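Here's the structure, in structure tokens; my notes come after.
Please treat every number below as a calculation from the coordinates, not as lab data. Bear in mind that the values here come from a model prediction, so they are computed numbers and not experimental data. With ideal geometry, Cβ positions are generated from the backbone for all residues, glycine too; neighbour counts draw on all protein chains shown.
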Amino acid sequence: MWNLRNLNKPFESKTKIFSPLEGSAPELMPETAFVKMIYVEQKRTERSRRRFILMLLNCGSLLSAGKTVETLDEILFALSSVIRETDTKGWYKDGSVIGVIFTEVSPSDEKQAAAAVLLEKVKNALSIALEDEQASQIGISAHVFPEDWRQDGSSGSDILKLHPGLVRDSRNAPALLVKRAMDIVGSLLALIVLMPILATIALAIKLTSKGPVLFRQDRVGQYGRKFKFLKFRSMYVANDSAVHQEFVKRLISGGTGSDQTNGQQAKVYKLTHDSRITQLGKILRRTSLDEFPQFVNVLKGEMSLVGPRPPIPYEVECYDLWHNQRLLAVKPGITGLWQVRGRSRTSFDEMVRLDLKYAKSWSLWLDIKILLETPRAIVSGDGAY
């Protein structure tokens, strides 16, 4: 495994001259297979909790200079002095970006130090194998899983955006286009048809409590991107979020987050009897009317009609590794399997499993079924607080 003692060893191959004449360089794994390996390594890391580092070498301009085979051989021979037999190299992007998966980085290692040492070793190897002008044309970056891939706007998020097949193997581009069309048409129709109700709710909020009509909150969307999540305000202004943060910690760690029951002694995985909520807000929440402004989020492409609920940033900070898959699998939605089949009667882990089940078995027909089931769930109010 990689550890800092090994990584800090001097670069032993510094005097070696790499040449394609020494033999053919090992073939690179095709892009599709390599991207699958990244996904496999993610799953392994979630179990072992040993990090891996994905290094990307952008050689696009260099490999298009008319001597692709010779230059590629030199690059691969340089990499062979750094990577181990257990590491994997392949095309991250066919013909332009080479990827290397460095596995089994010890949890005790400082992730910045491990990545920095690897970067330095690869740069040294390339400077020996290539002319200075050639080496300067290669862009190198290192991405540590899971830390880098959790952050909003991180390069790790971009990695998963470029390769959605990592988490959406069952989906295809035409079906996704239809899903987006459904989102646009559905949200537009909803906003038009519900306009009288929206106006009535807005007026009621202004008349019953001080503060804005809409509540805007940072939420974490697909690939860790943050966006402004819209709801009708159901709470008093200037309330303390510490109560909810503590609830979230207990909930994600495996508790119910609340000692309350729903009247039939069933556990309720929801913060109940919250003093921060207005009297009107209680009605809005129980009927899910507070969610209607999210049709605007759908129109903007930040959410979908159907998908997992987008978490608050401080929720994500409490996630276990495998929980992060719900942020990658699909775009967040207004409704989903959790809303129609569980809501507050399911634990956090069960909710995540429902989200992942939805992503794995996704189809347009499944979205339609969930949308048809949603009104019944809203009317019944089962599990809503």
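Any chance you could run the full-extension gain for Thr32 through Ser80? It's 0.36 nm times the residue separation minus the Cα-Cα distance, nm to one decimal.
Residue separation times 0.36 nm, minus the Cα-Cα distance, leaves 15.1 nm.
Within the set Lys93/Lys228; Lys43/Lys231; Lys179/Lys357; Lys179/Lys228; Lys228/Lys249, which residue pairs have Cα atoms separated by over 27 Å? Present the calculation step by step, with values, prior to reporting the outcome.
Working: Lys93/Lys228 32 Å; Lys43/Lys231 34 Å; Lys179/Lys357 18 Å; Lys179/Lys228 22 Å; Lys228/Lys249 23 Å.
Too far apart for the 27 Å limit: Lys93/Lys228; Lys43/Lys231.
Are there GluC sites (Glu not before Pro) in the stretch 301-366 that DSSP marks as loop and that have at most 14 other Cβ atoms within 10 Å, and which are they?
Passing sites in the stretch 301-366 are Glu317.
Answer rounded, prolate or oblate for the stretch 175-244, using the Cα gyration tensor with square roots of eigenvalues a ≥ b ≥ c: rounded when a/c is under 1.5, else prolate when a/b is larger than b/c, else oblate.
On the way: a/c = 4.27, a/b = 1.30, b/c = 3.29.
Oblate.
Please compute the modelled spin-label separation between Leu188 and Val69, points set 7 Å along Cα→Cβ, answer in nm with one decimal.
5.4
How large is ³J(HN,Hα) for each residue in the stretch 132-138, as worked out from phi by the Karplus curve 6.51 cos²θ - 1.76 cosθ + 1.60 (θ = phi - 60°), to whole Hz, x for Gly and Pro?
Residue by residue, the stretch 132-138 yields 4, 5, 5, 4, 5, 8, 9 Hz.
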